[in-house]
Amino acid sequence: MGREHLLGIEGMPAERIKLILDTAESFKEVLERPIRKVPTLRGVSVANLFFEPSTRTRVSFELAEKRLSAELVNVSAASSSVLKGETLKDTARNIEAMKVDIVVIRHSAPGAPHFLARCLESSVINAGDGAHEHPTQALLDLLTLRERFGELKGLRVVIVGDITYSRVARSNIWGLKRMGASVALCGPPTLMPLRVEGMGVEVYHNLDQALQGADVIYVLRLQLERQKEGLLPSLREYTNQWGITAQRLTKLKQKFIIMHPGPLNRGIEITPEVADGPYSVILDQVTNGVAVRMAILYLLSGGKVEG
Ligand code: CP
């Protein structure tokens, strides 16, 4: 096995993104079959190290591994020797010593997957590292957009909310820009990174202005602890200024779709009628997560990703 990793979207060439999306599309066909399982990764062992809570990413990695016939083990911080003080490096090296080929890691520390990639012989996949990157989320989002619009080039995507602390925003900005989309960010000044324009994005603080001409409204989860940190006057104020409501959307003249990475804070950053409404592709994003993770596991464990 080669020692390729999937650590982030920053710097990932467009050809590599396209290869992952094309491969995911072929796995979507597998997922439509009555028996959604292929023997592709028989004999490959995967360890899922989730040191932060997760529903979508953890379950979709596990389903992707099972549907490719890989062997898998799940390790969480709460049930591992991390609680007894073992270091991340020791935990990972001990798991690898049991002959694991791929390590999937979610961790609150930015750079934790990069650190493991330096310590281990296994391939490492970043399933979300702190506020840094969430590359598999961005790839499943790109697949969802490509399915909806045919191509990514020229799309106007408006990402709304807590940009500073969002690994989803960061990975999506890199991926969307690399594939030729234009990206605008909108949110409170206290949740907007300094000098973010340097990433080649537009910045707005007025939501109604930002949404003009948007093909895609990408709503981020408001991390509720931001209010305790004094970064927001109140949740009600946030919802008034930056919440995506049906009333706000009726003012838009163009066609658009609504995306959200989950989990949702219904009634805060998005109303239930928008989340469950006709413009929402939120559950399509979740469905595509399995195919994208199958593609990544497949490419890292045999097929080389070019670029
Ligand atoms: N989108 C996302 O990462 O969701 P989870 O935290 O449930 O994995």
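With Cα atoms defining each centre, region 225-239 and region 63-82 are spaced 36 Å apart in the structure. Take region 207-300 with all the other protein chains still there, run a 1.4 Å probe, and you get 45 Å² of accessible area per residue.
Couplings 3J(HN,Hα) for region 194-202, derived from phi with the Karplus relation 6.51 cos²θ - 1.76 cosθ + 1.60 (θ = phi - 60°), are 5, 6, 5, 4, x, 7, x, 10, 8 Hz, where x marks Gly and Pro. Dipole magnitude for the chain: about 200 debye, using +1 per Lys or Arg Cβ and -1 per Asp or Glu Cβ, origin at the Cα centre. With the full set of protein chains in place, find how many percent of the accessible area of the chain is carbon and sulfur; take the probe as 1.4 Å. Carbon-and-sulfur percentage of accessible area, whole number: 52. When the C-alpha to C-alpha distance is required to be over 18 Å, the pairs from K177/K255; K153/K177; K66/K89 that qualify are K177/K255; K66/K89. Here region 12-44 and region 131-166 have alpha carbon centers that stand 19 Å from each other. Calculated [222 nm] ellipticity per residue, helices only, for the chain: -11000 deg cm²/dmol; basis is -39500 (n - 2.57) per DSSP H run with n ≥ 4, divided by all residues, nearest 500. The angle between the Cα long axis of helix 167-178 and the main principal axis of the chain comes to about 90°, on a 0 to 90 degree scale. Couplings 3J(HN,Hα) of region 183-188, computed from phi: 10, 10, 10, 9, x, x Hz, in residue order, whole Hz [Karplus 6.51 cos²θ - 1.76 cosθ + 1.60, θ = phi - 60°; x for Gly and Pro].
Axis of helix 14-31 versus longest Cα principal axis of the chain: the two differ by about 80°, to the nearest ten degrees.
Based on the alpha carbons, how large is the Rg to Rh ratio for the chain when Rh follows Kirkwood?
With Rg and the Kirkwood Rh in hand, the quotient comes to 0.97.
Output the 0 to 90 degree angle, nearest 10, between the alpha-carbon long axis of helix 88-97 and the longest principal axis computed from the alpha carbons of the chain. Taking the Cα atoms of the chain, the angle to 88-97 is about 40 degrees.
The values are calculated or read from the model by the stated rules, or taken from the named source; none is laboratory data. The shown structure was predicted, so the numbers you read here are calculated from the model rather than taken from an experiment. Here Cβ is always computed from backbone atoms with ideal geometry, including for glycine, and neighbour counts include all displayed protein chains. What goes into the accessible areas is simple: the full protein's heavy atoms, side chains included, and nothing from ligands, DNA or RNA. Shrake-Rupley method; radii C 1.70, N 1.55, O 1.52, S 1.80 Å.
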